1. May I ask you to verify whether I205 is free of Cβ contacts under 8 Å to residues at least 60 places away in the same chain, open to solvent by 10 Å² or more (accessible area, probe 1.4 Å) and touching a Ser or Thr at 6+ places or on another chain (Cβ under 6 Å)?
2. Being within 22 Å of A132 (Cα to Cα), more than 16 Å from ligand 1 (Cβ to nearest atom) and open to solvent by less than 30 Å² (accessible area, probe 1.4 Å) is true for just one of L218, L222. Which residue is that?
3. If a residue must be of a type in the set (V, I, T) and either touching a Cys at 6+ places or on another chain (Cβ under 7 Å) or crowded, with 17+ Cβ neighbours inside 10 Å (or both), how many such residues does region 177-190 contain?
4. Residue under question is L112, and the condition is that it be within 25 Å of G37 (Cβ to Cβ), open to solvent by less than 50 Å² (accessible area, probe 1.4 Å) and within 15 Å of ligand 2 (Cβ to nearest atom); does it hold?
5. Can you confirm whether region 129-141 contains a residue that is within 16 Å of ligand 2 (Cβ to nearest atom) and surrounded by fewer than 21 Cβ atoms within 10 Å (Cβ to Cβ)?
Amino acid sequence: MFEIQAAPGGVGAFVHGIDIRSDVNGNVAGELKQALGDYGVLFFRDQEISEQDHIAFAEQFGQINVNRFFAANDRFPQIAMVVKEPDQTGNIGGGWHTDHSYDQEPALGSILVAREVPERGGDTLYANMYAAYDALSDGLKETLNGLRALHSSRRAFGANTEYAPRKDGRIGNPELATQDSIHPVVITHPISGRKALYVNGGFTIRFDGWTEDESKPLLQYLYAHASRPEFTYRFKWEKGSIAFWDNRATWHYAVNDYHGSRRVMHRITVEGCALSA
Ligand code: OGA
Ligand code: MN
C-alpha cells in the first residue's frame, strides 16, 4: 500500500511505496488522482520506467494530449521532449506558468520524468493556487469571483514571441498558436471542489471585458502574491524522479541555473476538461 506524505513546503506530496509500472490499477489510479487534486503535485522517486511504462501510467488518468508546440520523442509521439543541451542558454518553462490554459479544455496535468539531470541545478518550483486564493482578502476574492480572463498561446509560442528566436528545434508550429480561451479567474477545481486562482503569467492576456493596460496592475499583483515562497515547494530532481502536477491547482517554474550541462525530461500531458467558477 502506498503512502502520501505532504512535501515540506506550500504545495505537493511525495508518494512512497509504489512502483508505477505494476502498482497502478483502477483503484490506485483513482486514489492518486484524488491526491493530485488535493496536493496539486505528486512526486515519485526511484522509478526506473521505460517510455511505454510512462505512457501506460499516463493513460490511467485520461487521454494523452500530444502537445502541438514541443518537439516529440522520436519513437513515441505521445512524449514531448523538454531538453536543454550544454550549449543552449534558454530553457523551457523558465517563468511561472501553468500549461495549456490557452486551451478551451485545459489539460489536467503533466507527468514529467527525469531522464538526464545536471549534477547541480535544474530544480522545478511549484506554487499552490488554492493557498494563493485562500490568502486573499474577502473583498478581492469577491471581485475576482466575478471575473473571467482571456488566455492565449500566442505570447509564448506564436511567431516573433518568447520562444520564436530559438530556432533550435525544441519548439515549433508557431502558426498553431491561434487558440484563445476564456476561463473564470477563480475556478472550482474539478477534482477537489476547492476554489483556486486561475490566471498565470505565461498565458493570461487580460481580464475579459478589460483592456490589457487595465488588466496589467491587478494581474501583476496576483502574480506577485501567488508566487510568495510560503505557497511554493522546490523539487530537486534525481534520475528516476517523476513529478505529476495538476495544471488547475498549481503553477510551475523551471529554474535555468545549469548552463553547460544537459537536462533531458520526458513529458506526457493528460487531457482535462472545461473549467467553471
Ligand atoms: C513543462 C515545464 C518544467 C521543467 O514541461 O511544461 O514547464 O522543470 N517543465 O522542465
Ligand atoms: Mn510547463
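1. Criteria met by I205.
2. Details: L218 fails: open to solvent by less than 30 Å² (accessible area, probe 1.4 Å).
Residue meeting the stated conditions: L222.
3. Narrowing region 177-190 to residues of a type in the set (V, I, T): 178, 182, 185-188.
With the extra rule that they be either touching a Cys at 6+ places or on another chain (Cβ under 7 Å) or crowded, with 17+ Cβ neighbours inside 10 Å (or both), the set shrinks to 185-187.
Residues in region 177-190 being of a type in the set (V, I, T) and either touching a Cys at 6+ places or on another chain (Cβ under 7 Å) or crowded, with 17+ Cβ neighbours inside 10 Å (or both): 3 in total.
4. Yes: the conditions hold for L112.
5. Of all residues in region 129-141, those within 16 Å of ligand 2 (Cβ to nearest atom) come to 129.
When the remaining residues are screened for being surrounded by fewer than 21 Cβ atoms within 10 Å (Cβ to Cβ), the result is none.
For region 129-141, residues within 16 Å of ligand 2 (Cβ to nearest atom) and surrounded by fewer than 21 Cβ atoms within 10 Å (Cβ to Cβ): absent.
The values are calculated or read from the model by the stated rules, or taken from the named source; none is laboratory data. Owing to the predicted nature of the structure, the values given are computational and were not obtained by experimental measurement. Heads up, the Cβs are rebuilt from the backbone with ideal geometry, glycines too, and the neighbour counts pull from every protein chain shown. Surface accessibility is based on the protein's heavy atoms, side chains included, excluding ligands, DNA and RNA. Shrake-Rupley method; radii C 1.70, N 1.55, O 1.52, S 1.80 Å.
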